[in-house]
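Undergrad: The structure's right below; bear with me while I get my questions together.
The values are calculated or read from the model by the stated rules, or taken from the named source; none is laboratory data. What you see is a predicted model; the values in this text were computed from it and never measured. Heads up, the Cβs are rebuilt from the backbone with ideal geometry, glycines too, and the neighbour counts pull from every protein chain shown. Heads up: the accessible areas ignore ligands, DNA and RNA and are worked out on the full protein's heavy atoms, side chains in. Shrake-Rupley method; radii C 1.70, N 1.55, O 1.52, S 1.80 Å.
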Amino acid sequence: MRGMKIVAAATALWLVAAAPAGDRWTRAWTASMWQAPADQVKTLENVTIRSAVRVGAGGGQIRLRLANDYGAALTIGAATVRLPGGQAVRVTFGGQGSVRVPEGAPLVSDPVALPVKAFDVVEVSLFFPEATQLNTVHDVVGQKTLVSAPGDHSAKDFAPAEQWRLRPLIAGLDVLAVKPRPVIVAFGDSITDNVGCANDAMPRCRWGDVLARRLTAAGMPHVVVTQAISGNRILAHGTGPSALSRFDRDVLAVPGVSHVVLLEGINDIGNSGREVNGVPRPTITADQLIAGYRQLAVRAHERGIKVYAMTILPYEGAGYATPAGEAMRVQVNQWIRASKAFDAVIDMEKIVADPANPKRLAANIQGGDNLHPDGRGETLMGEAIDLKLFR
């Protein structure tokens, strides 16, 4: 039994770096992809999209990772990366500027000579020359995807003809450094992902990003990436695949993972037996949810990955809160604290609860829905995690 502790250029540069000797790549940014519902699927043709992401580690080269889990094969006519206001650098795949992305599969680019520092923003542009249905996405309402007027604008600035709240295809960025670095995965739902968070709103945005900056300030080598989906559940598919079904893709398949910090389960509880659009969702029990937690821990431990579980946050007053759900939350939290299934427990419930009513989030750290901590709350959460857990 494991021990437990409570600008732009008119043309883009074509710079492709040689592959390094040995594997010194670190996953420095991630997004957990899901299938857009039919009414949100977008078809683009002869346009360019641009998305901004923030890397959690620095290096002399980067690689772009695309994912097409839920779509048919598609063609990208050109891809570039750049720092904001900098010169665009062409991204190639097997030495080619245009690439066919396979159906249902990821695609990793050639190394690209674009030096970045930790917490730099990187802009990724993709040009679609032919009609392309984009349905493998991540929700990014706080940092929307820019869609150009017709044409290949991947190597230059453009005024967006449209902005889209979803970001398609872009699932990861790797950086090349002197040596690989341990990776911590922040794994969960909207409380971990905070899709309203804009890249320029850092660090008071997501608890994982706050933790990442604290680790860097302390001189520790760890990189924090977020693999979370708003509305996600442990046991059942909802917005995106369930935690149990995406865990291999989003955690175990990420190179260099040393720790996963888990905060999930409130959507299982809140949606248990709830009717949505006239269709009742299955009722779950605390034992079923606990079994899901055990599976996540066992699968991580098989790979030598430490699992730190947060207790489920208070949610009284939220739209799907019920007395039965609160009783289940309390029961599951008691199990999390006492089970010894995890390498450590981070009792986050006690950090964010209203002292006058522990069943509720404190009013001064949330936006009023009684479910989601705001920037102040996310900062508090990230600051409450003991860095000694990662030494």
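Undergrad: Counting only protein heavy atoms, what percent of the accessible surface of the chain is carbon or sulfur at a 1.4 Å probe?
TA: After summing per-atom areas, the C and S share lands at 52 percent.
Undergrad: At what distance in angstrom do the alpha carbon centres of the range 170-198 and the range 220-262 lie from each other?
TA: The two parts, judged by their Cα centres, are 10 Å apart.
Undergrad: Sticking with this structure for a sec: Could you work out the local net charge near Trp164, counting Lys and Arg as +1, Asp and Glu as -1, over the other residues with Cβ closer than 14 Å to its Cβ?
TA: +2
Undergrad: Continuing with this model, one more query. Where Rh is the Kirkwood radius over the Cα pairs of the range 30-127, the temperature 10 °C and the viscosity 1.306 mPa s, what D in µm²/s does Stokes-Einstein return?
TA: Estimated via Stokes-Einstein, D reaches 110 µm²/s.
Undergrad: How far, in nm, would the chain grow between Asn277 and Glu302 when pulled straight, counting 0.36 nm per residue and subtracting the alpha carbon separation?
TA: The Asn277-Glu302 span can extend by a further 5.0 nm.
Undergrad: While we're looking at this one, here's another question. Which percent of Cα-Cα pairs in the chain sits in each 20 Å bin, short to long?
TA: Final binned percentages: 28, 57, 15, 0.
Undergrad: Would you mind getting me the FRET efficiency between Gln40 and Ala131? Use the beta-carbon distance for r and R0 = 22 Å, nearest 0.05.
TA: So, using R0 = 22 Å, E works out to roughly 0.80.
Undergrad: Given the peptides 136-143, 250-257, arrange them by the average over their residues of other C-beta atoms within 10 Å, most packed first.
TA: Peptide ranking by packing, descending: 136-143, 250-257.
Undergrad: Output needed: percent of Cα pairs per 5 Å distance bin for the range 222-273, bins running from 0 to the one holding the longest distance.
TA: So the P(r) values, bin by bin, are 4, 20, 30, 22, 14, 8, 2, 1, 0.
Undergrad: Additional query: Tally the DSSP beta bridges in the chain and give the antiparallel ones as a percent, rounded to 5.
TA: Percentage antiparallel, nearest 5: 70.
Undergrad: Mind ordering 69-77, 349-357 by average Cβ neighbours within 10 Å, highest first?
TA: In decreasing order of mean packing, 69-77, 349-357 become 69-77, 349-357.
Undergrad: Tell me, how many Å apart are the Cα centres for the range 277-305 and for the range 107-129?
TA: 35
Undergrad: Leaving out ligands and nucleic acids, and using a 1.4 Å probe, what accessible area per residue does the chain come to in Å²?
TA: It amounts to 39 Å² per residue over the chain.
Undergrad: Going by average Cβ density within 10 Å per residue, which order do the peptides 383-391, 164-172, 119-127 take, highest to lowest?
TA: Peptide ranking by packing, descending: 164-172, 119-127, 383-391.
Undergrad: Using only the Cα atoms of the range 119-272, construct the convex hull and provide its projected area averaged over every direction, in square nanometres to one decimal.
TA: 10.8
Undergrad: Oh, and also: Over the range 289-391, what portion of Cα pair distances is larger than 20 Å, expressed as a whole percent?
TA: 44
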